[in-house]
Amino acid sequence: MIKLEIENNLDWILQNLDEHKSGDNWKGNFISHLLPDRFERYVKILHSIYEDSSITDKKTTWNQTEQDKIQKLLDDPVKNLLTQATMTFSSPDEDFEGKRVKWIDLASRYNVPFRKTINVNTFINHFPQNSFPRYLVGPTEGILESHENNELIKILSTYCLDSECYFYYDSLVFADFDRVDLYKGKLSELMDLTNNHELTFGYSPTYIWSSKKDWCLNTDYDLSFSVMGCTDEIAEKLLSSEILETIEVDRKTRIDYKADEQ
């Protein structure tokens, strides 16, 4: 894998996206703000959600748990002083004992419609106190997990036998507007990037695409799903995957936090 200068390598994407609106002109964000209008199909890949088996109370929320932790800190004068400036919410350690639960099954459990606009806020707006129950963990924003990346590599490798791939990291990943990274290499090297926390903080590339431009994957740093534009054949393989949880979308599908509000 080699690191490249951005130059014009990203123009085929960025110059063919719909313009973002702001303020009173904002009507939402859509797939058309992420991927160009050149692909036969578009597929949303939902990032994994887990059930924490150590949590037996299914009604306690994350908000309640974190507020209890914060109060204990505030009750200690020394810790109170140390945490006055910033208090952060924690998540279970990476090695917590969890069982994956599919979005579609979770939607059925809580009587939530499962449709192409589904997102984290679909659940949050339904849950008490607008908070996930503590027994649920994830989905992670901006990150496809190893099992998901491995499945993508397995599916897409057939279409990259005679071409290399590009891996682009947007400045928002690094919280540094002066930094963007672009790499070129084999699709199989994707794991080297995502596993290098010093280099990429563990985030997935913002964009991955084949030099043939027959597919392009976007993983936005603040979205809990990824979106791929691709051929009919690739779309069918994504939609039939037993590892990835997917749902077909189009460029007019809304993706922001209000996407699933009616």
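Observations, loosely collected:
- Asp178, Asp37, Asp18 arranged by Cβ crowding within 10 Å, fewest neighbours leading: Asp178, Asp37, Asp18
- Helix-derived mean residue ellipticity, 222 nm - over the chain, DSSP H n ≥ 4, -39500 (n - 2.57), to 500: -6500 deg cm²/dmol
- Ordering Leu136, Leu4 from the fewest to the most neighbouring beta carbons within 10 Å gives Leu4, Leu136.
- Phi angles of segment 3-16 translate, via the Karplus equation with coefficients 6.51, -1.76, 1.60 and θ = phi - 60°, into HN-Hα couplings of 8, 10, 6, 5, 6, 9, 5, 9, 4, 4, 8, 5, 7, 10 Hz per residue; Gly and Pro are given as x.
- Using C-alpha pairs under 8 Å with a sequence gap of at least 6, the mean separation divided by the residue count of the chain gives a relative contact order of 34 percent.
- Between the Cα long axis of helix 146-156 and the first principal axis of the chain there is an angle of about 20°, rounded to the nearest 10.
- Full-extension gain in nm, Lys213 to His147, via 0.36 nm per residue minus C-alpha separation: 21.3 nm
- Neighbour-count ranking [beta-carbon atoms within 10 angstrom, fewest first] of Arg115, Arg251: Arg115, Arg251
- Normalised by the number of residues in segment 203-262, the mean separation of alpha-carbon contacts (under 8 Å, six or more apart) gives a relative contact order of 18 percent.
- Förster-model FRET efficiency, 22 Å R0, Lys252 and Asp222, C-beta, rounded to 0.05: 0.60
- Approximate spin-label separation Phe201-His20, in nm, with each point projected 7 Å along Cα-to-Cβ: 1.5 nm
- Gained length - Ser171 relative to Ile243, 0.36 nm times residue gap less alpha-carbon distance: 22.9 nm
- Per-residue Karplus couplings for segment 195-211, computed as 6.51 cos²θ - 1.76 cosθ + 1.60 with θ equal to phi - 60°, are listed in order as 8, 8, 5, 5, 8, 10, 6, x, 6, 6, x, 4, 9, 10, 8, 7, 4 Hz, Gly and Pro entered as x.
- For a straight C-alpha distance cut-off of 23 angstrom, the lysines reachable from Lys116 (same-chain residues fewer than eight places away being disregarded) are Lys21, Lys27, Lys44, Lys102, Lys237, Lys252, Lys258.
- In order through segment 20-26: 3J(HN,Hα) via Karplus (6.51 cos²θ - 1.76 cosθ + 1.60), integer Hz, x for Gly, Pro: 6, 9, 9, x, 5, 8, 6
- In range of the label at Glu261: residues from segment 2-26 whose backbone nitrogen is under 14 Å from the point 7 Å along Cα→Cβ: 26
- Whichever aspartates and glutamates have a C-alpha closer than 12 Å to that of Lys212, once near sequence neighbours (fewer than 8 apart) are set aside: Asp162, Glu164
- Sequence-distant residues sharing a close amide H with His47 (under 5 Å, placed H): Phe225, Ser226
Here, each number is a calculation from the coordinates, and none is a lab measurement. Everything quoted here is computed from the prediction, not taken from an experiment. So basically every Cβ, Gly included, is an ideal-geometry build from the backbone, and we count neighbours across all protein chains shown.
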